[in-house]
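The structure appears right after this line, and notes come after that.
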Amino acid sequence: MDLRDFYLLAALIACLRLDSAIAQELIYTIREELPENVPIGNIPKDLNISHINAATGTSASLVYRLVSKAGDAPLVKVSSSTGEIFTTSNRIDREKLCAGASYAEENECFFELEVVILPNDFFRLIKIKIIVKDTNDNAPMFPSPVINISIPENTLINSRFPIPSATDPDTGFNGVQHYELLNGQSVFGLDIVETPEGEKWPQLIVQQNLDREQKDTYVMKIKVEDGGTPQKSSTAILQVTVSDVNDNKPVFKEGQVEVHIPENAPVGTSVIQLHATDADIGSNAEIRYIFGAQVAPATKRLFALNNTTGLITVQRSLDREETAIHKVTVLASDGSSTPARATVTINVTDVNDNPPNIDLRYIISPINGTVYLSEKDPVNTKIALITVSDKDTDVNGKVICFIEREVPFHLKAVYDNQYLLETSSLLDYEGTKEFSFKIVASDSGKPSLNQTALVRVKLEDENDNPPIFNQPVIELSVSENNRRGLYLTTISATDEDSGKNADIVYQLGPNASFFDLDRKTGVLTASRVFDREEQERFIFTVTARDNGTPPLQSQAAVIVTVLDENDNSPKFTHNHFQFFVSENLPKYSTVGVITVTDADAGENKAVTLSILNDNDNFVLDPYSGVIKSNVSFDREQQSSYTFDVKATDGGQPPRSSTAKVTINVMDVNDNSPVVISPPSNTSFKLVPLSAIPGSVVAEVFAVDIDTGMNAELKYTIVSGNNKGLFRIDPVTGNITLEEKPAPTDVGLHRLVVNISDLGYPKSLHTLVLVFLYVNDTAGNASYIYDLIRRTMETPLDRNIGDSSQPYQNEDYLTIMIAIVAGAMVVIVVIFVTVLVRCRHASRFKAAQRSKQGAEWMSPNQENKQNKKKKRKKRKSPKSSLLNFVTIEESKPDDAVHEPINGTISLPAELEEQSIGRFDWGPAPPTTFKPNSPDLAKHYKSASPQPAFHLKPDTPVSVKKHHVIQELPLDNTFVGGCDTLSKRSSTSSDHFSASECSSQGGFKTKGPLHTRQRF
C-alpha cells in the first residue's frame, strides 16, 4: 500500500466517524421574494444550545458566524450575538435559484449554508438547509403572441389538433392550470390533455364541418391561467386556416424514444435517426422534420436535425454537468396541417472530465492568503471548512480529501463531503513560524482526477483565493496627479472551452468608478485623477464571462496602489499647543509632546521638528516631538513660556509649517499661609461682659502666595474653646461670640487657631494664638501680659487654667468651711445673749448686766463711725475694678462678703509693647492712679489660699502627659498634630484637623522657646 492509498483509506474511515457533538443540521422552509430582515429561525433555540459553560458554570458569550466566501452575496444573514437568521436585501428568486428544475422537484428547491459557533471551546458546525417555496410571481406565457394552425377542410367533427402549450416558471399550483378558448364561433372547442409528467397540452376540437370555399380563416383568442393567488393569466391570438385535402399524415414508428450519449462525444456524432412514413404518394408523401416549438433554444444550439433524413447529430460540445437530460420534440410534416410528433429524450452520460472542486472557506479570516494563528491556540483550533465536490456522477463523482504531507494539522469529517481543518497538536512559533501544505481532493474515476488547494499558515496571518485568471491578483502602481485615460495594464483570462463558449468579455465590478475597462481587449485605463491622500489603494474585481449558455464567469482581484508625491505640508494637530506643568519640576523633565502629521507617505511623510525662538529654555526631540525643560520652573517667578515650533518633511522640495507652543506653569502647594492678623502671639482682645452673641470679638487674617485651591484658606479653632463660647468663621476668620459671657467666663482665654490651605495632595497650615480677655475693662495690662507669658508654659492641647484648677478647688473649700464656722459662732453668741437677758430682766442687776451686755455686744459710736469710714474707704474702687477682673471670695452667696475688685497697672515697657496691638474698643478709660496696688500680686503673695481665680475653659482631655511648652511670640505656628516645633511662616509641614480631633490634643516632642518682642 503506497502513501496515497493510505491517505485515501484514512479519509474514508474519518468520513464514517462524524462527530455529532460539533456537526448538526437544521432545515427551514421559506417562501421566495421575502423582504429584508424577515426572521427565518433561531439557531440556539432550535438546537437547544446552552450558553452556560458546563465546566465552570459561568455564562459564555457565543459568536455565530456565517461561513462564506469573500465576495459572495449571501441570501441570509446570521446575528453574531443571538444566532437569529434573517433575510437580506438580496432577493431570493426560486426560478433563478433552481433554474431548469423539473416540476416533480418543486419541494426540492433549496440552498445550503454553514454557520460556526465560536469560541473554540463551544465550537459547533451547523449545516442549514433552506427550502424555498414557490410564490406566484410569474404569469404563464405562450411561445408566440400569434399561433397559426392549418386544418384540412375535410376534417371530421371532434378531430383534435395540438396547440403550442404555454409555460410558467412557477411550479405546482402556481403553474399552468387552465386554458380557455375565446370567440370560438361554435366551430371550434378546446380540450386539455395532461401528460404523465404533469404538463397540460391544449388541443383544438373541430365541432362543425369546415368548407374552405365558404370561410378559409378563423381568428380567435386563447387564454391561459395559473392557479396562484392572485391569479395570473395571458392571451394569444389563435388563427386557424382551412386547407385543401391531404388524405394521410406522417406517422413515426415510435412516439417516445430515449437515447444515451457520452458528454465527450465529438461534434458531428449521430444521436438518433428518426423515421416517419406517409401513406400518400408524390408530393404528399414528402416528409420534412423540424424541432417542435417546446424545444429550448439551448437544446437547439447543441443538437442539429436534418430536415430531410431526421438524423439528430451533435453540433456543439456537450456538458452533462450543465444539462444532463435534453427533451426534444420532433415534428414530421408532409405539408398537411397535422404533423406527426415524436419525443426524444437524450441522456448525456457522465465522463470523468471534471476534477474535484475544493471549496475552502476560512473560519479564521485570512490576510493575504495566510492564516495567522497564535502559538498558544489549543489543539483542535478550527481554521477552515472544506467542501469537496465533483460535477461528475457515480464513481467519477466520489471524492476523498486528505493533506498531502505531515503537518500539525488534520482534516475532521463532519459530513459526507465536508471537513474541518484543525490543528492536531500544539504549535510552536519558535520551532516553525510558517506552514505551507496542500489539501488534495481526488475522485475515483479512471483515470483519477484530483484537485489541490494550497494552505499557508503563519502563527500570525493567512489568506488563500484560487484564481482562474492568468494572474489571480493583479497589483498595479500609479503616481497620483496622473492624467485621465492613462494606460494601466491589460487584463487577460483564458477559457479551456472552444468557440463561442471561449469568447470572453470583461466587466468591472463595484468600487471601480475611477477606471475604464475595454470589454473586448481587457485594457484597463484611469478615468479620473488619483489623489493618494484621499484614497491610497483601490481594490475591485474584474469579471470574465464567456458566451456559453448559461454563461460561466470568474473573478480576479485588482489592487491599484497610488504612489505618493510631496504635495502636502506637515500639519500640526493644533495650531497652538498648550501644556501645563507643575512648578518645581526638575530640569530636563518632559513637559509635553508635539504631534504633527503629513498626509504624504515615505520620505515625504518623514517630519523633523525644531524650535525657532526659545532662548534654550526647552529641548525638542526632532523626531518624537517630546519637549523637555532646560530650566527649573517656579510659577511665582514666571508663569508661562511661549515659542514657535517648525515642522519640515523630507520631500523634494521640502515643505514646512509652524505652530505656537505655550508652556503654562501650574501652581504647587509649596507655601504655607502667612498670618497678617493678629500681628503677634502675645497680643489680646478685650471681650466685655456686655458683648452680645454674634458680635465680632477678634479677627484672624492670613494670606497664601499660591494660587487656586492652594491659596484657599480655612480657619478652625483647635484648642482653648472647650466651653464653646467662641466661634470662628472658616472663611473670613472672624471670631464671634456664641453666647453672652457669664461671670464665670471672666478671665483670659487662649484660642489656638489653625489656618490651613486647601492644597492637593497635601495641605499646609499655620497655627496662631489668639488671646481674648473677658472682662468689662482691661485696666492692668501688665497683669494680662504676665498671664499671657505664663500661658506659654501650658501645652497647646490644654486650656490655660488647667494647672491651677486643683488649687482653686482647694481654696474654694477652705473659704466655704470658714464661712460656715463663722456663721455658727455668731448664732451661738446671739443665743447666749438672749438667754442671759431673759433670766435677769426683773432685776436692776439684770438691767445693769443687760446694759453691760449691750455695751459688750456693740462698740461705741466712735468706733462704729471709724469702722464705717474704713469700710467705705475700702469699697471705693469697686465700680472701676469690675471693668477688668472680678475677685471672688469663698462665700459668694453671703451678703456680707462682696466681691473685691482692683486694677493692675501696666509697666511702661508693656504699655509700649501693646501700642497698635491691643484694641481697647468701646471700654471706658481707666480711673486708676499710677500708684494703685497690683492686687493680683498682693493676693498671690499674701494669701496662702488664693482668694480669686480666672475661670479657664474646660481643659482638653489627653491620653498622655505633655511637657510644658514655651511658644514663640511670633504670629505664626506651623506644624502637624504629632509635632509642634518652632518654625518660620514658610514651613511646609501640614496640619490635619481630623487627626488632631481624633487624638484629643497636640503632641510635642520637646520644649519650645519663648521669644519676646520689645
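Residues in region 521-538: is at least one open to solvent by less than 70 Å² (accessible area, probe 1.4 Å), outside any loop (DSSP other than H, G, I, E, B), within 24 Å of ILE627 (Cβ to Cβ) and out of contact with any Gly (no Cβ under 8 Å at 6 or more places or on another chain)? Reasoning before the result, please.
As a first pass, look at region 521-538 and keep what is open to solvent by less than 70 Å² (accessible area, probe 1.4 Å): 522-527, 529-533, 538.
Narrowing the set further to residues that are outside any loop (DSSP other than H, G, I, E, B) leaves 523-526, 538.
Still in the running and within 24 Å of ILE627 (Cβ to Cβ): none.
Within region 521-538, not a single residue is open to solvent by less than 70 Å² (accessible area, probe 1.4 Å), outside any loop (DSSP other than H, G, I, E, B), within 24 Å of ILE627 (Cβ to Cβ) and out of contact with any Gly (no Cβ under 8 Å at 6 or more places or on another chain).
Quick grid of which residues meet (1) within 60 Å of the chain's Cα centre (by Cα); (2) closer than 16 Å to LEU274 by Cβ:
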{"site": "ASN307", "(1), (2)": "no, yes"}
{"site": "THR323", "(1), (2)": "yes, no"}
{"site": "VAL328", "(1), (2)": "no, yes"}
{"site": "ASP334", "(1), (2)": "no, yes"}
{"site": "THR338", "(1), (2)": "no, no"}
{"site": "ASP350", "(1), (2)": "yes, no"}
{"site": "ASN354", "(1), (2)": "yes, no"}
{"site": "ILE363", "(1), (2)": "yes, no"}
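Considering every residue within region 130-146, establish whether at least one is closer than 30 Å to SER50 by Cβ, within 60 Å of the chain's Cα centre (by Cα) and in contact (Cβ under 8 Å) with a residue 40 or more places away in the chain.
Yes, region 130-146 has at least one match.
State whether one or more residues within region 123-144 are closer than 30 Å to GLU213 by Cβ and open to solvent by 20 Å² or more (accessible area, probe 1.4 Å).
Taking region 123-144 first, the residues closer than 30 Å to GLU213 by Cβ are 144.
Those still in the list that are open to solvent by 20 Å² or more (accessible area, probe 1.4 Å) too: 144.
Yes.
Name the strands (runs of 3 or more DSSP E) wholly within region 665-705 that hold at least 1 residues that are touching a helix residue (DSSP H, G or I) at 6+ places or on another chain (Cβ under 9 Å) and modelled with pLDDT under 90?
684-687
So how many residues does region 418-430 have that are open to solvent by less than 60 Å² (accessible area, probe 1.4 Å) and either assigned to a loop (DSSP other than H, G, I, E, B) or under 25 Å from ASP390 (Cα atoms) (or both)?
Count: 8.
Taking strands (runs of 3 or more DSSP E) that do not extend beyond region 303-362, which have at least 2 residues that are touching an Asp or Glu at 6+ places or on another chain (Cβ under 8 Å)?
Correct list: 340-349, 357-362.
In region 584-597, is there at least one residue being touching a Pro at 6+ places or on another chain (Cβ under 9 Å), open to solvent by less than 60 Å² (accessible area, probe 1.4 Å) and within 29 Å of LEU563 (Cβ to Cβ)?
Yes, region 584-597 contains a residue that is touching a Pro at 6+ places or on another chain (Cβ under 9 Å), open to solvent by less than 60 Å² (accessible area, probe 1.4 Å) and within 29 Å of LEU563 (Cβ to Cβ).
Is it the case that some residue within region 600-610 is in a loop (DSSP other than H, G, I, E, B) and under 22 Å from LYS660 (Cβ atoms)?
No, region 600-610 has no match at all.
Out of curiosity, is ILE272 farther than 30 Å from ILE325 by Cβ and over 60 Å from the mean Cα position of the chain (by Cα)? Explain how you work it out, then say what you get.
On the way: farther than 30 Å from ILE325 by Cβ: no; over 60 Å from the mean Cα position of the chain (by Cα): yes.
No.
One line per residue, one yes/no per condition, for (1) of a type in the set (Gly, Ala, Ser); (2) modelled with pLDDT under 85; (3) out of contact with any helix residue (DSSP H, G or I) (no Cβ under 6 Å at 6 or more places or on another chain); (4) assigned to a helix (DSSP H, G or I):
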residue: SER782; (1), (2), (3), (4): yes, yes, no, yes
residue: TYR785; (1), (2), (3), (4): no, no, no, yes
residue: ILE800; (1), (2), (3), (4): no, yes, no, no
residue: ALA818; (1), (2), (3), (4): yes, yes, yes, yes
residue: LYS845; (1), (2), (3), (4): no, yes, yes, yes
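Within the set of pairs 6 or more residues apart or between chains, which connect a residue that is aromatic (Phe, Trp, Tyr) inside region 62-83 to a residue that is open to solvent by less than 50 Å² (accessible area, probe 1.4 Å) and in a loop (DSSP other than H, G, I, E, B) with Cβ atoms less than 9 Å apart?
The qualifying pairs are TYR64/SER79; TYR64/GLY83.
Could you list, in sequence order, all residues of region 13-39 that are surrounded by 13 or more Cβ atoms within 10 Å (Cβ to Cβ), within 34 Å of the chain's Cα centre (by Cα) and modelled with pLDDT of 90 or more?
VAL38
Of the conditions (1) modelled with pLDDT of 85 or more; (2) open to solvent by less than 10 Å² (accessible area, probe 1.4 Å), GLN177 fails just one. Which one is it?
The single condition GLN177 does not satisfy is (2).
Residues in region 525-547: is at least one within 34 Å of the chain's Cα centre (by Cα), under 30 Å from THR608 (Cβ atoms) and not charged (D, E, K, R)?
Yes - at least one qualifying residue is present in region 525-547.
What are the pairs with Cβ atoms under 9 angstrom where one residue, in region 285-312, is under 25 Å from GLU199 (Cα atoms) and open to solvent by 70 Å² or more (accessible area, probe 1.4 Å) and the other, located anywhere, is part of a strand (DSSP E or B) and β-branched (Val, Ile, Thr)? Sequence gap at least six, or different chains.
Taking only residues 6 or more apart or on different chains, the pairs are GLN294/THR167; GLN294/THR329; LYS300/VAL328.
Test each condition in (1) farther than 23 Å from ASN368 by Cβ; (2) at pLDDT 90 or above for ARG519 and report the one that comes out false.
Of (1) farther than 23 Å from ASN368 by Cβ; (2) at pLDDT 90 or above, only one is false for ARG519: (2).
In region 363-377, how many are assigned to a loop (DSSP other than H, G, I, E, B) and open to solvent by 60 Å² or more (accessible area, probe 1.4 Å)? Walk me through how you get there before you give the answer.
Pass one, region 363-377, residues assigned to a loop (DSSP other than H, G, I, E, B): 363-366, 368-369, 373-377.
Retained after the next criterion (residues that are open to solvent by 60 Å² or more (accessible area, probe 1.4 Å)): 365, 368, 375-376.
Qualifying residue count, region 363-377: 4.
Give me the residue from region 314-352 that is of a type in the set (D, E, K, R) and in contact with a Gly (Cβ under 9 Å, 6 or more places away or on another chain) and, out of that set, modelled with the highest pLDDT.
ARG316
Given (1) open to solvent by 40 Å² or more (accessible area, probe 1.4 Å); (2) at pLDDT 85 or above, where does ALA236 come up short, assuming only one miss?
(1)
Going by the structure shown, is CYS98 open to solvent by less than 40 Å² (accessible area, probe 1.4 Å), out of contact with any Leu (no Cβ under 8 Å at 6 or more places or on another chain) and either of a type outside the set (Asp, Glu) or in contact (Cβ under 8 Å) with a residue 12 or more places away in the chain (or both)?
The answer is yes for CYS98.
Let me spell it out: the conditions are (1) open to solvent by 40 Å² or more (accessible area, probe 1.4 Å); (2) part of a strand (DSSP E or B), and ASP616 meets all of them except one. Which number is the exception?
(2)
For region 546-562, name all the residues that are open to solvent by 80 Å² or more (accessible area, probe 1.4 Å) and not in a loop (DSSP other than H, G, I, E, B). Explain how you work it out, then say what you get.
The initial filter retains those residues of region 546-562 that are open to solvent by 80 Å² or more (accessible area, probe 1.4 Å), namely 552-553, 555.
Those that are open to solvent by 80 Å² or more (accessible area, probe 1.4 Å) and not in a loop (DSSP other than H, G, I, E, B): GLN553, GLN555.
Here are the criteria: (1) of a type in the set (Gly, Ala, Ser); (2) at pLDDT 90 or above; (3) touching a Pro at 6+ places or on another chain (Cβ under 8 Å). Tell me which single one ALA659 does not satisfy.
In the conditions (1) of a type in the set (Gly, Ala, Ser); (2) at pLDDT 90 or above; (3) touching a Pro at 6+ places or on another chain (Cβ under 8 Å), ALA659 misses (3) alone.
For residues in region 389-415 being crowded, with 20+ Cβ neighbours inside 10 Å and not in a strand (DSSP E or B), which is modelled with the lowest pLDDT?
The selected residue is ASP392.
Exactly one condition in (1) assigned to a strand (DSSP E or B); (2) without any contact (Cβ under 8 Å) to a residue 40 or more places away in the chain; (3) closer than 30 Å to THR345 by Cβ is false for ALA236; which is it?
Every listed condition holds for ALA236 apart from (2).
Take the conditions modelled with pLDDT under 85, more than 25 Å from GLU322 (Cβ to Cβ), touching a strand residue (DSSP E or B) at 6+ places or on another chain (Cβ under 6 Å) and hydroxyl-bearing (Ser, Thr, Tyr) and apply them to SER80. Does it pass?
Criteria not met by SER80.
Need a quick list: strands (runs of 3 or more DSSP E) entirely within region 123-232 having at least 2 residues that are among the basic types (Lys, Arg), touching a strand residue (DSSP E or B) at 6+ places or on another chain (Cβ under 6 Å) and over 30 Å from VAL414 (Cα atoms).
217-226
The values are calculated or read from the model by the stated rules, or taken from the named source; none is laboratory data. Bear in mind that the values here come from a model prediction, so they are computed numbers and not experimental data. Note: ideal-geometry Cβ built from the backbone for every residue, glycine included; neighbour counts use all protein chains shown. Ligands, DNA and RNA are stripped out before the accessible areas are found, and what is left, the full protein with its side chains, is counted by its heavy atoms. Shrake-Rupley method; radii C 1.70, N 1.55, O 1.52, S 1.80 Å.
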